[in-house]
Amino acid sequence: MKKNEIYETEITGMTHEGAGVCRIDGMAVFVPMTAVGDTLRVRIVKVLKSYAFGIVEELLHPAAGRCEPDCPVFRQCGGCTYRHLTYEAESKIKEQQVRDAFERIGGLHPVFDPILQGESRTGYRNKAQYPVAEQDEHLVCGFYAKHSHRVIPYTRCALQPERFAEVIEWLLPRLEAAGVTAYREETHSGELRHLYLRQGYHSGEMSLCLVVKQSIAEKLQPVLPELQAQFPEIVSITENRNPERTNVILGRKQTTLAGKDTITDTMSGNRVELSPLSFYQVNTSQAERLYAVGREFAALTGNELLLDLYCGAGTIGLSMAHQVRSLIGVEVIPEAVENAKENAARNGIKNAQFHCGDAGEIAKTLRESGTKPDVIVLDPPRKGCDAATIEAVSGMKPERIVMISCNPATAARDCKAFAALGFITERVRAVDLFAGTAHVECVVLMSREK
């Protein structure tokens, strides 16, 4: 097999990143923007030792799940993966992805509940971070092309609320007129790196954060009153300074330019305050349904001690606080722990306490002190739990463990480790928080063997 050769073939599988898989002369070839059942001609673009990459040269017979993409920049932008498929076809892929992870990686065969689909495939994100660039001597923003930092100028992303586009389209020419320049990665020059919008799903309050290399507050002063008059829902305007040569979007220095420091929203009945630095699920309504599945799996009666590891700002544990005797949350990021304490106080929750530290180390300390949780909730990062956390959690011998994971592969690996320590993986449910993209969450119920 050589680069630029063209083969006629059929797509027979999908990767977890959303590329179609076909086999040519016994070698796996990965082809993006395809669907299982497509018959097509594939042009080889890269050949490695045991696999290759291709692109669609000609679609001969489309699969049943195909549809016309509803976004004009879908093929250039790196944000979405499945806009060329119907949502039913996308959901089947994600459901199978979760099942494959647990059966193949974990060697586990739990009950797989049907995927919990998103209520909408468009406009569901409550947050957008638009990289800013200069093209044809004008400020533009949009989204990065796949595997690059080349900005595709586009403001009306199907995943974002339309109001975000209206704000950006109003703001960009006024920033340009004020003399604001775009940051350039290659020379580490210029000023404005990103425009960051967030809106409370229930409250409607919106925040605008301008991420800059150095302050542009003086240039912004004439623009801000007009901006607030035009968009009264923008109740917080902040400047985040990130002077580093880095791919990380936000810096540590934050200044409020107008309005409040934070916006308010509600998550699972609890009031929360959100700054640009706060972690918050980007699909509020679906996150509430995700947490509801977690509560269902936890089967709380009101008498339990609940331990919430990797608790972040406490949104999952606090959504269950009224159904338990007491709640202990653990999180390694100090600011998140403070947010969790504030969220508990703000909502009158008095049976919760929060500890700052590594999940495994705190769990071990709690275990050694005789703390015996009845139910443990795990919401680990994409890399999953480390061995120390799994050992400490198992040693506490809870009746049930509920894992909420953004990575089915590491969730399956961790459940296999828990199985070796006496915990049965009983139920798994895929939950789609990110319709149109390749990401899928899952909720897992493990019970202790008697």
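Exactly one residue out of T389, T365, T410 is β-branched (V, I, T), in a helix (DSSP H, G or I) and over 25 Å from the mean Cα position of the chain (by Cα): that is T365. Contact annotation: residue pairs with Cβ atoms under 9 Å, 6 or more positions apart or on different chains, pairing a residue in segment 1-29 that is over 25 Å from V440 (Cα atoms) with a partner that is aromatic (F, W, Y) and open to solvent by less than 70 Å² (accessible area, probe 1.4 Å), are M1/Y7; I24/Y7; D25/Y7. Close Cβ contacts (under 6 Å, 6 or more residues apart or on different chains) running from residues in segment 284-301 that are touching a residue at least 12 places away in the same chain (Cβ under 8 Å) to residues that are assigned to a helix (DSSP H, G or I) comprise Y291/I316; Y291/S319; R295/M320; L300/Q323.
Count of segment 306-320 residues, restricted to those that are farther than 20 Å from G384 by Cα and surrounded by fewer than 24 Cβ atoms within 10 Å (Cβ to Cβ), is 2.
Can you name the number of the only condition in (1) in a loop (DSSP other than H, G, I, E, B); (2) out of contact with any Leu (no Cβ under 7 Å at 6 or more places or on another chain) that P373 fails? All conditions pass for P373, except number (2).
Looking only at segment 366-387, decide whether some residue is out of contact with any helix residue (DSSP H, G or I) (no Cβ under 7 Å at 6 or more places or on another chain), open to solvent by 10 Å² or more (accessible area, probe 1.4 Å) and within 22 Å of C442 (Cβ to Cβ). Scanning segment 366-387, I find at least one residue that is out of contact with any helix residue (DSSP H, G or I) (no Cβ under 7 Å at 6 or more places or on another chain), open to solvent by 10 Å² or more (accessible area, probe 1.4 Å) and within 22 Å of C442 (Cβ to Cβ), so the answer is yes. Scanning segment 1-52 for residues that are at pLDDT below 95, outside any loop (DSSP other than H, G, I, E, B) and buried (at least 19 other Cβ atoms within 10 Å of the Cβ) returns a single hit, M14. Counting the residues of segment 327-362 that are crowded, with 21+ Cβ neighbours inside 10 Å, more than 23 Å from the chain's Cα centre (by Cα) and of a type in the set (D, E) gives 0. Across segment 67-97, the qualifying residues are those that are part of a helix (DSSP H, G or I) and acidic (D, E), and the one among them that is least open to solvent (accessible area, probe 1.4 Å) is E90. Only one entry in T187, T155, T122 is open to solvent by 20 Å² or more (accessible area, probe 1.4 Å), in a loop (DSSP other than H, G, I, E, B), touching a helix residue (DSSP H, G or I) at 6+ places or on another chain (Cβ under 7 Å) and β-branched (V, I, T), namely T155. Note on segment 418-445: residues that are among the aliphatic types (A, V, I, L, M) and part of a loop (DSSP other than H, G, I, E, B) amount to 5.
The values are calculated or read from the model by the stated rules, or taken from the named source; none is laboratory data. From a predicted model like this one, the values you see are computed outputs, not experimental measurements. In this analysis, Cβ positions are derived from the backbone assuming ideal geometry, glycine residues included, and neighbour counts consider all displayed protein chains. Keep in mind that these areas ignore ligands, DNA and RNA; they rest on the heavy atoms of the full protein, side chains included. Shrake-Rupley method; radii C 1.70, N 1.55, O 1.52, S 1.80 Å.
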